[in-house]
1. Could you figure out which of (1) touching an Asp or Glu at 6+ places or on another chain (Cβ under 6 Å); (2) surrounded by fewer than 14 Cβ atoms within 10 Å (Cβ to Cβ) isn't true of A:Thr25?
2. Specify the residue that is surrounded by the most Cβ atoms within 10 Å (Cβ to Cβ); the eligible residues are those in region A:57-68 that are of a type in the set (Phe, Trp, Tyr) and within 24 Å of A:Trp23 (Cβ to Cβ).
3. Return the total of residues in region B:114-149 being within 20 Å of the chain's Cα centre (by Cα) and either under 30 Å from B:Val95 (Cβ atoms) or free of Cβ contacts under 8 Å to residues at least 12 places away in the same chain (or both).
4. Among the candidates A:Val54, A:Val87, A:Val47, single out the residue that is over 16 Å from B:Thr101 (Cα atoms), surrounded by fewer than 16 Cβ atoms within 10 Å (Cβ to Cβ), free of Cβ contacts under 8 Å to residues at least 40 places away in the same chain and more than 10 Å from every other protein chain (Cβ to nearest Cβ).
5. Restricting attention to region B:41-70, which residues are more than 8 Å from chain A (Cβ to nearest Cβ) and among the hydroxyl-bearing types (Ser, Thr, Tyr)?
6. Got at least one residue in region B:94-107 being more than 10 Å from chain A (Cβ to nearest Cβ), surrounded by fewer than 19 Cβ atoms within 10 Å (Cβ to Cβ) and under 21 Å from A:Val54 (Cβ atoms)?
7. Tally time: how many residues in region B:197-224 are among the aromatic types (Phe, Trp, Tyr) and outside any helix (DSSP H, G or I)?
8. Anything in region B:69-109 that is of a type outside the set (A, V, I, L, M), more than 17 Å from B:Leu257 (Cβ to Cβ), assigned to a loop (DSSP other than H, G, I, E, B) and touching a residue at least 12 places away in the same chain (Cβ under 8 Å)? List them, or say none.
Amino acid sequence: MADVHTHSHTEGKIAKPNTAGIWRTFYVLLGITALEFIIALAIPSYVMPHLIKVGVYIILTIAKAFYIVAEFMHLKHEVKFLGMCIVLPMIFIAWLLLAMVMEGGALYIRW
Amino acid sequence: MAHLAKTHENESTLDWNGGNLPLKASWGKLMMWFFLLSDAFSFSALLITYAMIRYSHSAYHGTTENFKFSLDYWPVPEKVFEAMPFLHGISLPLVFVGIMTFILIMSSVTMVLAVEAGHRNDRKDVEKWMLWTILGGFTFLGCQAWEWTHFIHGTDKGGATDVYGNIIYGANLIQNQYGPVPFANLFFFITGFHGFHVFSGVMLNVLVFYNTAFGVYENPNRVIDEGAGRYEMIEKVGLYWHFVDLVWVFVFTAFYLI
């Protein structure tokens, strides 16, 4: 393959892939997803009430989101201020979610 | 400002004259990040709408085994999403959507591997991993098409009965067999909006694969952004692709778990 005209401009050899961290993140994401399925399908509701399940799902989802954003999207390794620019506005989402869930509950009572 | 990277040889360049990198990232990458922030707001608004409408409807209080579709309460997800291609009539709750989730996480991994290969200027590896990512994207879209088709056509025996006592078969925007009308509307709108993002992501992936395969990024005359590597376009498209995966994580929790 050395004579194939592919890496014409790159001088010297191409570095070896360094992918251990990527696969570690993948296994974490896979593990969390598997855990979610176990909670959803294998644990009956008299062991774990639905409301607690919902709380666990939300925590696990945020954990997954953290690994995707921090590792796959590399935000953890960017300048800290860039990370804050992206993460801090999420407080608006948390506020809107809380407000709208309460509003939804109020509508249910009215109906 | 000494901590900011100076990419020009001339260190005396004033900040106002350019030559430094705010946040140590190229402008293209910063713009992608802020676009994704705005897109995150769009998806959040949709998912919060789902939460609000769901909380304004009755919840089902019985056991999962005795669950029956009705317009009176919000359906239990593992009773709605239990079909699987080629296994008609067999109840496999959440198995198919689990496979879809796995496909999307997997294609996210191959995307990171493509970005990593780009950092090493390894064109062959970028091509290989981009192809896998494109394949994963198309597979996910195919799965979603099947999922929608099944959702629209409904089950053999139908589900809820309407106010006249007729059994409802399948789902559309006016009525659905699974439960309250907004359930199907939100399903179509949110998974549809996400699927549209996946489709755009696949198109961008095809584009950067094409550019890689034709050596566009290796062209020594190509002007690249300050602070950017030769293959940075892979990284920017990769950010978008990971975002699509990230949104799926939340859609999955909202629609299929809670």
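Derivation of every value follows stated rules applied to the coordinates shown; laboratory data play no part. These numbers were taken from a predicted model, which means no experiment stands behind them. Positions of Cβ are generated from backbone atoms using ideal geometry, with glycine treated the same way; all protein chains shown enter the neighbour counts.
1. For A:Thr25, the failing item is (2).
2. First pass over region A:57-68, keeping only residues of a type in the set (Phe, Trp, Tyr): A:57, A:66-67.
Remaining after also requiring within 24 Å of A:Trp23 (Cβ to Cβ): A:66-67.
Values: A:Phe66: 14, A:Tyr67: 19.
Within region A:57-68, the match that is surrounded by the most Cβ atoms within 10 Å (Cβ to Cβ) is A:Tyr67.
3. Step one: of region B:114-149, the residues within 20 Å of the chain's Cα centre (by Cα) are B:114-115, B:129-149.
Then keep just the ones that are either under 30 Å from B:Val95 (Cβ atoms) or free of Cβ contacts under 8 Å to residues at least 12 places away in the same chain (or both); that gives B:114, B:129-149.
Counting residues in region B:114-149 that are within 20 Å of the chain's Cα centre (by Cα) and either under 30 Å from B:Val95 (Cβ atoms) or free of Cβ contacts under 8 Å to residues at least 12 places away in the same chain (or both) gives 22.
4. Values: A:Val54 fails: more than 10 Å from every other protein chain (Cβ to nearest Cβ); A:Val87 fails: more than 10 Å from every other protein chain (Cβ to nearest Cβ).
That would be A:Val47, the only listed residue that is over 16 Å from B:Thr101 (Cα atoms), surrounded by fewer than 16 Cβ atoms within 10 Å (Cβ to Cβ), free of Cβ contacts under 8 Å to residues at least 40 places away in the same chain and more than 10 Å from every other protein chain (Cβ to nearest Cβ).
5. B:Ser42, B:Tyr50, B:Tyr60, B:Ser70
6. For region B:94-107, residues more than 10 Å from chain A (Cβ to nearest Cβ), surrounded by fewer than 19 Cβ atoms within 10 Å (Cβ to Cβ) and under 21 Å from A:Val54 (Cβ atoms): absent.
7. Of all residues in region B:197-224, those among the aromatic types (Phe, Trp, Tyr) come to B:199, B:209-210, B:214, B:217.
Then drop every residue that is not outside any helix (DSSP H, G or I), which leaves B:214.
Residues meeting the conditions: 1.
8. Here is the first cut: in region B:69-109, the ones of a type outside the set (A, V, I, L, M) are B:69-70, B:72-75, B:77-79, B:81-82, B:85-86, B:88-89, B:91, B:93, B:96, B:98, B:101-102, B:107-108.
Subset that is more than 17 Å from B:Leu257 (Cβ to Cβ): B:69-70, B:72-73, B:85-86, B:88-89, B:91, B:107-108.
Pick out the ones that are also assigned to a loop (DSSP other than H, G, I, E, B) and you get B:69-70, B:72-73, B:85-86, B:88-89, B:91.
Those that are of a type outside the set (A, V, I, L, M), more than 17 Å from B:Leu257 (Cβ to Cβ), assigned to a loop (DSSP other than H, G, I, E, B) and touching a residue at least 12 places away in the same chain (Cβ under 8 Å): B:Phe69, B:Ser70, B:Asp72, B:Tyr73, B:Pro85, B:Gly89.
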